[in-house]
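In what follows, a single structure is set out as structure tokens and then discussed.
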Amino acid sequence: GRERYQAAYPIATQLTASLGLRGFRLNLAVEAATTYEELAALLPKIRAAVGPDKAQALERALLG
């Protein structure tokens with residue numbers, strides 16, 4: 001869990017930051033996620049916001 005979290009967290013913050021103002025709340029949610037489970041729970045929202053193509057790297061980091 002921890003290794004996956006550490007790999008996925010920077011990808012998640014980069015993706016949500018790339019959304020600008022529209023991703024502000026999602027970005028805050030990602031920054032508040034301190035565990036693998038909390039970050040993984042945000043994956044559907046992040047995927048919906050950035051699209052499946054951009055979310056692929058995050059999915060790989062989280063789900064292997």
Net charge within 12 Å of Ala61 by Cβ-Cβ distance, Lys/Arg positive one each and Asp/Glu negative one each, not counting Ala61 itself?
0
So which chymotrypsin sites (Phe, Trp or Tyr not before Pro) in the chain end up in coil per DSSP with only 11 or fewer other C-beta atoms within 10 Å?
none
Taking the solvent-accessible surface of protein heavy atoms with a 1.4 Å probe, what is the per residue accessible area of the chain in Å²?
63
Rounded to whole Å, sorted largest first: equivalent-ellipsoid semi-axes of the chain, Cα gyration tensor:
17, 13, 9
Determine the gain in length on full extension of the stretch Ser18-Thr35; use 0.36 nm per residue of separation and subtract their C-alpha separation, reporting nm with one decimal.
3.9 nm
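The values are calculated or read from the model by the stated rules, or taken from the named source; none is laboratory data. Keep in mind that this is a model prediction, so the values were computed, not measured. Every residue, glycine among them, receives a Cβ derived from its backbone with ideal geometry; neighbour counts consider all protein chains shown. When the accessible area is computed, the model is the full protein with side chains, heavy atoms only, and any ligands, DNA or RNA have been set aside. Shrake-Rupley method; radii C 1.70, N 1.55, O 1.52, S 1.80 Å.
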